[in-house]
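Reading through the C-alpha cells given below for one structure.
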Amino acid sequence: MPNPMPVVKVLSPIGLEYAFMTISLFAAAGALTAALLSLVNGEFSFAVLSFPTALLVVSVPVFAYLFLRTKRLELTQPHLRLDPSKRRSTQFTQIVCFLVSFFTLVAFVFSVFGKLGGQFHTSIGKTALDCLVLLVVFGGILAYYWRDEHQR
Amino acid sequence: MQQALTKYKIGLLVIGLFTVAMVVVVLAQASAAKHDTDTYKTANTIADKLNGYTLDHETVPRSLSDANIDNPSTAITYTKLTDTQYKFCITYKTTSTNFDPGMLEGSLLLSGHTPEGFDGYTSQDYLVVPTAHKKGSNCQTINLAASFPLNETPTPQTTSDFYCGQPHPGGNTDDATVTSISANTNPATITVSLAGTSTYQLASDVKVLTVSCTPASLSEVLTGDSVRLIFDKPNSKTVAAVIDTSF
C-alpha cells in the first residue's frame, strides 16, 4: 500500500501570522533604511521622504501588532516556537538579511579598493555611513532571529 | 510575561516615535512642495512655448506677454538681456534633488559603490527646466547664439551641442564604436571604428560620462560600446571627453 502523501500544503495559523509579519517587517525595514539613508545623505525634502514615511506609517503599526501578538502566544505556548511554518518565515528572513549584510560588507570593501585605485570619487566616509545604515537595520534583524533560534 | 515583552515594546516605541517625526517633517513641507510642483509645471509649459518662439523668430521676445505666453506664477520671472539672450528665473520654496534612496541601496548592493551626484541636464542655448533645484531663486541665462549665429546660414557644426551642461572643449565630435581601449598605457588610448579604425590618445584629465551624464570610469567603457568622442580642439587627435551611449 503506497504511503499517504499530502496534496495540499497549508500554513499553520501562527505560520500565516508570521508570513504577514515577515511582509510588514521587510516593508518597515526597507522604509527605515530609505529614510535613514536619506537623512545620512542630507536629503530632507518632501519628494524624497514622502514614500518611505507612508510605508513606515502603515508597516510599523502592523508589524508591531503582529510581533507582540505572536511573541505573547510563544510565551504562553512555548511549542509554537518550533512550528515549522513559523520557522520557514524566520529562516527566510535570516537568509535575506544575511545576503543584504554580506553584500553590504563586500560593497564597502570594494568601495575602499575603488577609492584607493582612483575609480570612485564619492567620499569613503559617506559610503561607510550608507553601509552602516544597511548593516544596523538588516544585521539587527539577522542578530535578533539568530539569537531567537539558538536560545533554548 | 509583561516584563518579557517590555524590551520589545520599548524598541517598537522608538521606531514609532521616529515614524511620527518623519510624518511631521513630511507634513510640514507638503504645502511648499505643492507650490513648487505647480511652479515647476508652469515653468515647463512656459519653457516649451518660449523655445518654440525663439526657434520660429530667432530672437527673444521683450516679455512673455509679447510672445503670447501666460505667466500666472509670481515665482517665475523673465528678463530680456539682448536680442539673443534672456534670463529665466524660478523661485522655489524647497530644495529638490534627484536623490533616490532605493537607487542608492540597489547601487550599493549590486554595483558595490554609491552613485555620484547628478543635478540634471541643462543647456546654454535652449531653456530646460531642471527637476533638481535649490531653495530660492534658480536662474538660467539662455544665449541663442551659443548654438549658431543668428541671421547667418548655419554652418556644419564642429562641436556638439550636447555635453552634459559642461563647457565644451571646442574640438570635433565623433560618434563611433569602441574596438579596444588601453587604460594602462601612458597616455591611455582608445581605438574606435568610424569609417575605418582609428586610435586616439586620451587626455590625462579625460572625462568619462554615461549618456545620462553620470560620471563613469574608463574601466566601464567596454569593447563594442557606442561612444561619442569629444576632442580637445578642432582637428585634434586628443580626446577630452568620452560619453558612453551604451549605458
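The values are calculated or read from the model by the stated rules, or taken from the named source; none is laboratory data. As the structure is a computational prediction, the values presented were derived from the model and not from experiment. We place every Cβ from the backbone using ideal geometry, glycine too, and count neighbours over all the protein chains shown. Just the protein is used for accessible areas: all its heavy atoms, side chains included, with ligands, DNA and RNA removed. Shrake-Rupley method; radii C 1.70, N 1.55, O 1.52, S 1.80 Å.
Could you tell me whether B:Ala75 is of a type in the set (A, V, I, L, M) and touching a His at 6+ places or on another chain (Cβ under 8 Å)? For B:Ala75, the condition - of a type in the set (A, V, I, L, M) and touching a His at 6+ places or on another chain (Cβ under 8 Å) - is met. The selection criterion, being surrounded by 15 or more Cβ atoms within 10 Å (Cβ to Cβ) and more than 12 Å from every other protein chain (Cβ to nearest Cβ), does not hold for B:Leu12. Against the condition of a type outside the set (A, V, I, L, M, F, W, C), within 11 Å of chain B (Cβ to nearest Cβ) and open to solvent by less than 50 Å² (accessible area, probe 1.4 Å), how does A:Glu17 come out, does it pass? Against the criterion (of a type outside the set (A, V, I, L, M, F, W, C), within 11 Å of chain B (Cβ to nearest Cβ) and open to solvent by less than 50 Å² (accessible area, probe 1.4 Å)), A:Glu17 does not qualify. Cβ-Cβ below 6 Å, separation at least six or inter-chain, first residue in the stretch A:87-98 and within 14 Å of A:Gly139 (Cα to Cα), second of a type outside the set (Val, Ile, Thr) and modelled with pLDDT of 95 or more: which pairs? Note: pairs meeting the criteria are A:Gln94/A:Leu142; A:Cys97/A:Phe138; A:Cys97/A:Leu142; A:Phe98/A:Leu142.
Checking each residue in the stretch A:116-152 for being within 18 Å of A:Leu32 (Cα to Cα), open to solvent by less than 40 Å² (accessible area, probe 1.4 Å) and either part of a loop (DSSP other than H, G, I, E, B) or not acidic (Asp, Glu) (or both) picks out A:Thr127, A:Ala128, A:Cys131, A:Val133, A:Leu134, A:Val137, A:Phe138, A:Gly139, A:Gly140, A:Ile141, A:Leu142.
Whether a residue is crowded, with 18+ Cβ neighbours inside 10 Å, within 14 Å of chain A (Cβ to nearest Cβ) and within 30 Å of A:Gly114 (Cβ to Cβ) was assessed, and B:Thr97 passes this test. So, of the residues in the stretch A:34-50 that are part of a helix (DSSP H, G or I) and touching a strand residue (DSSP E or B) at 6+ places or on another chain (Cβ under 9 Å), which turns out to be nearest to the other protein chains (Cβ to nearest Cβ)? Checking each candidate, the answer is A:Phe46. Out of curiosity, is B:Leu64 out of contact with any Lys or Arg (no Cβ under 8 Å at 6 or more places or on another chain) and surrounded by fewer than 17 Cβ atoms within 10 Å (Cβ to Cβ)? It is false that B:Leu64 is out of contact with any Lys or Arg (no Cβ under 8 Å at 6 or more places or on another chain) and surrounded by fewer than 17 Cβ atoms within 10 Å (Cβ to Cβ). If you go through the stretch A:100-112 and pick out every residue that is out of contact with any helix residue (DSSP H, G or I) (no Cβ under 8 Å at 6 or more places or on another chain) and more than 9 Å from chain B (Cβ to nearest Cβ), you end up with 1.
Among the residues of the stretch B:18-43, those identified as more than 10 Å from chain A (Cβ to nearest Cβ) and either open to solvent by 50 Å² or more (accessible area, probe 1.4 Å) or modelled with pLDDT under 90 (or both) are B:His35, B:Asp38, B:Tyr40, B:Lys41.
Being under 21 Å from A:His150 (Cβ atoms), more than 9 Å from chain B (Cβ to nearest Cβ) and of a type in the set (A, V, I, L, M, F, W, C) is the filter here, so list the residues in the stretch A:58-98 that pass it. A:Leu73, A:Leu80, A:Leu82, A:Phe92, A:Ile95, A:Val96, A:Cys97, A:Phe98 - these are the residues of the stretch A:58-98 that are under 21 Å from A:His150 (Cβ atoms), more than 9 Å from chain B (Cβ to nearest Cβ) and of a type in the set (A, V, I, L, M, F, W, C).
Looking across the stretch B:71-81, the residues that are exposed (fewer than 15 other Cβ atoms within 10 Å of the Cβ) and modelled with pLDDT of 85 or more come down to B:Thr74, B:Thr79, B:Leu81.
Taken across the stretch B:186-195, residues that are in a strand (DSSP E or B), open to solvent by 30 Å² or more (accessible area, probe 1.4 Å) and under 11 Å from B:Ile243 (Cβ atoms) do not occur at all. Checked against (1) touching a residue at least 24 places away in the same chain (Cβ under 8 Å); (2) facing chain A (nearest Cβ under 10 Å), B:Thr59 passes all but a single condition, namely (2). Here B:Leu127 fulfils each of the conditions (1) touching a Leu at 6+ places or on another chain (Cβ under 8 Å); (2) assigned to a loop (DSSP other than H, G, I, E, B); (3) modelled with pLDDT of 70 or more; (4) within 14 Å of chain A (Cβ to nearest Cβ) apart from (4).
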